[in-house]
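The values are calculated or read from the model by the stated rules, or taken from the named source; none is laboratory data. Predicted, not measured: the structure shown is a model, and the values here were computed from it. For neighbour counting, all protein chains shown are included, and Cβ atoms are generated from backbone atoms with ideal geometry for every residue, glycine included.
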Amino acid sequence: MTIEEIIKPENRVYAKPRLLNDNNMHYCPGCSHGVVHRLIAEIVEEMGIEDKTIGIAPVGCAVFAYNYVDIDWIEAAHGRAPAIATAVKRLNPSRMVFTYQGDGDLAAIGTCETIHAANRGENIVIIFINNGIYGMTGGQMAPTTLEGMKTSTTPYGRRIDLNGYPLNITSLVAQLDGTCYVTRQAVHTPAAVRKTKNAIKQAFQNSMDGKGTSLVEIVSTCSSGWKMTPVQANKWMEENMFAKYPLGDIKNTVKQ
Amino acid sequence: MKEEVRLMKGNEAIAHAAIRYGVDGYFGYPITPQSEILETLEAEMPWETTGMVVLQAESEVAAINMVYAGAACGKAVMTSSSSPGVSLKQEGISYIAAGELPALIVNVMRGGPGLGTIHPSQADYFQATKGGGHGDYHLIVLAPSTVQEMADFVTLGFDLAFKYRTPAMILADGIVGQMMEKVVLPPARPRRTDEEIARQCPWAITGRPATRKPNVITTLELDTAQMERNNERYQRTYHVIEQNEVRYEKFMTEDADYLIVAFGSMARICQKSIEEAREQGIKIGLIRPITLWPFPYQAIKELSDKVKGILVVELNAGQMIEDVRLAVEGNLPVHHFGRLGGIVPNPQEVLEAFNNKFPDAKK
């Protein structure tokens, strides 16, 4: 068997998506962002909507998302991505509009915009990377930081009496009538990656179909912020993060 | 819609002018004394006629970011608020300026600082003309003194904003916003099509067609050399605006021995003061800056050679006076008269203040 005989479309298990460019990613080893970026590029390409897709980048590690996925992007002020997506979608109803936000951006400074965009049922997608820490600024406590979790601003571990409870914003958003699809996924195993891909795909379709707000939370690791190896971080996430943030659909009013 | 003569409030005129201009989106949040802008737009339902988007946002912060978003898409978008709300918008305005995006922001000023009062003021002059948000940037600042100008400056503001890719602000005060006057509303023009926007704004976020590279609107640049070049580009634009877009109005300056400088509603009150002064034989003229930035330094400097003194009259503790003093470069005495906290002086009070500051004028 020659190599030409092996390289056939039916034998191909993976190819780099065309929309994912060759720029060197600034993400740390083991970071979940790269996988999610790739999924977005893959899905936009598969759905054939690159001329209709508009991404809203956050402030946080993914601030440079626009450097890696070759679609039109707007870089938002910290926390304001859902407000920006609201206006983009209302002014361009035929477009597929998504935000890409971390836990600090979405669940701390941007809580107001998140809740209200979802409550209005804006036909947008919110992709929410939840790693329980502020990565970009050097590992400070996030609203989703677990109790006891050490960060640079909770050096002895998060204390409920001092810092309050970890915020389960995704479950909160699922309560809102404007949301049509709210799900929590991860990208730590091939199986999880495939589930996440399906979730994002459905969310993107919901935006195109005008079904309301979709939120896809992706429970993620931050090996640098957590001060673990990528392998340790995945294990720690499974044992600790999933207990507080269990995976699966929380709400889906758009049955396939 | 054809040209139409109506009697209405300044705030209402802004709303009607926006629909007729072909504005694509308005994003606002209620605050006195400008809520009629949002209310009028909601009542007019322009989404049924022109397709204009009108949205009551969850906050002033959300509203200005919606404007940033719409502007990034090459759309004609605007917001309005009053002083405390405009303070909240400053971060977003800085982003719009840094993104080199066209947009219109309306500030119908009320007294401050803090929550202040709902009554008229001009105390946001510094904020509007000297930056307001963080970083080195300017807004084109238009100061209307009539309801007609409230309507006209919607058109002018957008035209300038798109011409220079920079945000423009209508800096009105509670008087111009709330008073009713006759206004000639321009004939309606259609909103631009997506094709026209793509042609006029090749940088706009539209969804990337296969024929071009991705468009990205970002204000982040970690390469300091590039960031300096970006800033130099902004400054070049501001310089061109300073050269080309200074606007002001003169009133009885030809034979004037003294000059009053005032803007917005205060300029109209001062016109009356000047008429009364002339009946007493005191020749005062008025210069009314229409663009507060760029400021008419040259026009004031030229007049300063012909007069003995200048009184700057503002509804604040002395803000524009700093620009007037810069203009005259110490050539002659420049005094200030202002009322604070929402109080508006009448023409006699202004004249009295003038006579106190310039006792020799009567002789």
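Below is a table of values for the structure above.
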{"item": "Hey, A:G102 facing chain B (nearest Cβ under 10 Å), within 15 Å of the chain's Cα centre (by Cα) and crowded, with 24+ Cβ neighbours inside 10 Å or not", "result": "no"}
{"item": "Pairs with Cβ under 7 Å, 6+ apart, first in segment B:49-68 and more than 7 Å from every other protein chain (Cβ to nearest Cβ), second part of a strand (DSSP E or B) and of a type in the set (D, E)", "result": "none"}
{"item": "Single residue of segment B:308-341 satisfying the filter (crowded, with 19+ Cβ neighbours inside 10 Å and in a loop (DSSP other than H, G, I, E, B)) that is farthest from the chain's Cα centre (by Cα)", "result": "B:R339"}
{"item": "In segment A:183-197, residue farthest from the chain's Cα centre (by Cα) [restricted to those that are over 15 Å from A:E42 (Cα atoms) and among the β-branched types (V, I, T)]", "result": "A:T189"}
{"item": "Qualifying residue in segment B:194-207 (condition: more than 24 Å from B:I64 (Cα to Cα) and basic (K, R))", "result": "yes"}
{"item": "Residue within segment A:11-27 that is surrounded by 15 or more Cβ atoms within 10 Å (Cβ to Cβ), more than 8 Å from every other protein chain (Cβ to nearest Cβ), on the phi < 0 side of the Ramachandran plot and under 16 Å from the mean Cα position of the chain (by Cα) present", "result": "yes"}
{"item": "Every residue from segment B:351-363 that is part of a helix (DSSP H, G or I) and within 17 Å of B:G281 (Cβ to Cβ)", "result": "B:L351, B:E352, B:F354, B:N355, B:P359, B:D360, B:A361, B:K362"}
{"item": "Wholly enclosed helices (runs of 4 or more DSSP H) of segment B:174-260 bearing at least 1 residues at the interface with another protein chain (Cβ under 10 Å from one of its Cβ atoms)", "result": "B:194-200"}
{"item": "B:A71 vs. criteria assigned by TED's automatic domain parsing to the domain that holds B:I105 and under 22 Å from B:R20 (Cα atoms)", "result": "yes"}
{"item": "Selected residue (only one of B:G207, B:G285 is within 23 Å of A:F64 (Cα to Cα), without any contact (Cβ under 8 Å) to a residue 60 or more places away in the chain and surrounded by 15 or more Cβ atoms within 10 Å (Cβ to Cβ))", "result": "B:G207"}
{"item": "Unique residue being of a type in the set (S, T, Y) and touching a residue at least 24 places away in the same chain (Cβ under 8 Å) when the list is B:T224, B:T219", "result": "B:T219"}
{"item": "Per-region count, segment A:232-243, residues in contact (Cβ under 8 Å) with a residue 60 or more places away in the chain and either among the polar types (S, T, N, Q) or surrounded by fewer than 16 Cβ atoms within 10 Å (Cβ to Cβ) (or both)", "result": "2"}
{"item": "Search result, residues across segment B:58-105 that are among the aliphatic types (A, V, I, L, M) and over 23 Å from B:A204 (Cα atoms)", "result": "B:V86, B:L88"}
{"item": "Single residue of A:A117, A:A83 found to be more than 8 Å from every other protein chain (Cβ to nearest Cβ), more than 22 Å from A:N234 (Cβ to Cβ), crowded, with 24+ Cβ neighbours inside 10 Å and modelled with pLDDT of 95 or more", "result": "A:A117"}
{"item": "Selection within segment B:154-182 - surrounded by 24 or more Cβ atoms within 10 Å (Cβ to Cβ) and without any contact (Cβ under 8 Å) to a residue 24 or more places away in the chain", "result": "none"}
{"item": "Yes/no for B:I170 being within 23 Å of B:V86 (Cβ to Cβ), at pLDDT 95 or above and either in the same structural domain as B:P46 (by TED's automatic domain parsing) or within 16 Å of the chain's Cα centre (by Cα) (or both)", "result": "yes"}
{"item": "Unmet criterion (only one of (1) within 23 Å of A:T86 (Cα to Cα); (2) assigned to a strand (DSSP E or B)) for A:Q185", "result": "(1)"}
{"item": "Meets criteria (part of a loop (DSSP other than H, G, I, E, B), in the same structural domain as B:V106 (by TED's automatic domain parsing) and hydrophobic (A, V, I, L, M, F, W, C)) for B:V23", "result": "yes"}
{"item": "Unmet requirement for B:S87, which otherwise passes all of (1) part of a helix (DSSP H, G or I); (2) within 14 Å of chain A (Cβ to nearest Cβ); (3) among the polar types (S, T, N, Q)", "result": "(2)"}
{"item": "Pair list, Cβ under 7 Å, 6 or more apart: segment B:1-29 residue more than 21 Å from B:P102 (Cα to Cα), other residue of a type in the set (D, E)", "result": "B:K9/B:E36; B:N11/B:E36; B:E12/B:E36"}
